[in-house]
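For reference, the structure discussed in these notes is given below.
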Amino acid sequence: MVSPATLEFPTFKGRPGWEFTDISALDLERYSPSAVQPALGSAGPGALWDIAATELPSGVSFDGAELRVARGINLTEPVALSTVAEPGALANQTLRVVVEDGAHAEVWEQFLSDGDCVVNVHTELKVGDNASLRYVSGQGLSEDAWIFGAQNATVGRDARLDWVALGFGSRSGHVLMQTRLAGEGAEARVTGAYATHGSQHIDFDTTQEHAAPNTTSDLAFRGVLQDRSSAVWKGNIIVDPGAQKTDAFQESRNLLLSKRAHADAIPGLEIQANDVRCTHAAAVAQVDPEQLFYLRSHGLPEPEAKQLVIEGFLAALVERFEAGPVREVLGAALERRLALILS
C-alpha cells in the first residue's frame, strides 16, 4: 500500500483527470488539517436550502460518519445534513450512506463555508437490493475555498439511485462522481447543475459503470457561466463484459453568458458488451440571439429576456423531478444562484 505522504501532488495536465484544473496556487501548508462531520439539519453560512431537522425514526442510525437505513424502512421525510468548514481549515470528511435491502430514503447534504478553506470529501453510497435512495449533494462554499471530492455509489439488484449534484461556490477544485450498477435491473439517474461567475472554476468527473445486465443509467449536467469563470465536465460510460441489455445516456450542456467564459464537455464510452444502447451528447453555446430577439420583439427589456432564456435552459433539469417539494427546493436554489451571478 502506498502511504499518502508519498503520493505526488497532481499537476496541471500532468495526470489523467487533472488536464483542465490547475491547482498550482493551492498551498496546503497554509491550512490546518481537521476532521469534520456533518450535522443533522441544514443551517450554515450561505445555506443552499432550508430543510427542518427531524428526529430520526426507528430503524435509522447516524453517528456522524455513517447514516444507515435498516432493511425495509421507508422514510417519509428527507434527512438533511450540513458540513461547515472553518476559515483556514483543511476539512476532511468521510460519510457512508447505507440503504439496506428493501428500504427507501432521501438524503440532502450541503457543504458550506464563509472563508478561505479546503474541503476534502469522501462519500460512499450503498443502495441495497430492491432499495431506493435520492441523494442531493450541494456545495455553496465561499468563493475563496477549494473543494476536492471522491464520491462513489453502488446500486444493487432492482434498486434505484437518484443522485443530484449542485456546484455553486468555491474557487476551484475537482469532484469525482462514480456510479456502479452492480446488480441486475439496477437504475441510476444523475443530475448536475452549476452556475459560476467571476474567476470560479468547476470540475466534475463522472463515471457510469454497468457491471450487471439489464441496467439503466441517465446522466444530465447543465452549467451557466458568467464573467471569466470556467467549467469542465468529463464523463465516461463503462459497460463491463457480460453487462448485456445496458441502456446508458449522458449529456452535458453549457450556456456561456460572457465571451470570456469557457466550458469543456468531454463524453466517453468504454463498451465491452455487444447488446447495449449507449449514447451521449455535449454542447457549449452562447445565449441564442434569435431567442433574445423574439422576446424583445414582444416588449421584454434585454435583461429580463436574457434571464428567461437562462431559466428555460435550466428548467430541463428541474423537470427531471416529479412535481412537489424536491422540484420546488431545487428550483428555488437555482433561482437564487442565478440572481447572484446576474446581479
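Could you please find all residues in segment 161-191 being farther than 13 Å from residue 133 by Cβ, out of contact with any helix residue (DSSP H, G or I) (no Cβ under 8 Å at 6 or more places or on another chain) and assigned to a strand (DSSP E or B)? Show your work before the answer.
Of all residues in segment 161-191, those farther than 13 Å from residue 133 by Cβ come to 165-178, 180-185, 191.
With the extra rule that they be out of contact with any helix residue (DSSP H, G or I) (no Cβ under 8 Å at 6 or more places or on another chain), the set shrinks to 165, 167, 169-178, 180-185.
The answer is 165, 167, 172, 173, 174, 175, 176, 177, 178, 180, 181.
Return yes or no: is residue 293 aromatic (Phe, Trp, Tyr), without any contact (Cβ under 8 Å) to a residue 40 or more places away in the chain and either closer than 20 Å to residue 167 by Cβ or out of contact with any Cys (no Cβ under 8 Å at 6 or more places or on another chain) (or both)?
yes
Mind listing whichever residues of segment 114-141 are touching a Pro at 6+ places or on another chain (Cβ under 7 Å) and either among the small types (Gly, Ala, Ser) or at pLDDT 95 or above (or both)?
115, 116, 117 - these are the residues of segment 114-141 that are touching a Pro at 6+ places or on another chain (Cβ under 7 Å) and either among the small types (Gly, Ala, Ser) or at pLDDT 95 or above (or both).
Run residue 32 past the list (1) surrounded by 14 or more Cβ atoms within 10 Å (Cβ to Cβ); (2) polar (S, T, N, Q); (3) within 20 Å of residue 92 (Cβ to Cβ) and report the number of the one that doesn't hold.
Going through the list (1) surrounded by 14 or more Cβ atoms within 10 Å (Cβ to Cβ); (2) polar (S, T, N, Q); (3) within 20 Å of residue 92 (Cβ to Cβ), residue 32 breaks only (1).
Residues that are charged (D, E, K, R) and in contact with a His (Cβ under 9 Å, 6 or more places away or on another chain): which strands (runs of 3 or more DSSP E) entirely in segment 212-303 hold 1 or more of them?
Values: elements: 216-225, 230-239, 246-256, 262-266, 269-271, 276-286.
Output list reads 246-256.
Please enumerate the residues belonging to segment 90-143 that are surrounded by fewer than 19 Cβ atoms within 10 Å (Cβ to Cβ), more than 24 Å from residue 330 (Cα to Cα), in contact with a Lys or Arg (Cβ under 6 Å, 6 or more places away or on another chain) and among the acidic types (Asp, Glu).
Matches in segment 90-143: 101, 129.
Quick grid of which residues meet (1) under 16 Å from residue 149 (Cα atoms); (2) in contact with a strand residue (DSSP E or B) (Cβ under 7 Å, 6 or more places away or on another chain):
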position: 76; (1), (2): no, no
position: 80; (1), (2): no, yes
position: 90; (1), (2): yes, yes
position: 102; (1), (2): no, no
position: 105; (1), (2): no, yes
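Among 165, 150, 188, which is closer than 27 Å to residue 16 by Cα and surrounded by fewer than 21 Cβ atoms within 10 Å (Cβ to Cβ)?
Answer to the check: 150.
Test residue 158 against the stated conditions and say whether it is part of a strand (DSSP E or B), within 21 Å of residue 191 (Cα to Cα) and charged (D, E, K, R).
Answer is no for this residue.
The values are calculated or read from the model by the stated rules, or taken from the named source; none is laboratory data. The structure presented is a predicted model; accordingly, all values stated were derived computationally and were not measured. As a convention, Cβ positions derive from the backbone with ideal geometry for all residues, glycine included, and neighbour counts pool all protein chains shown.
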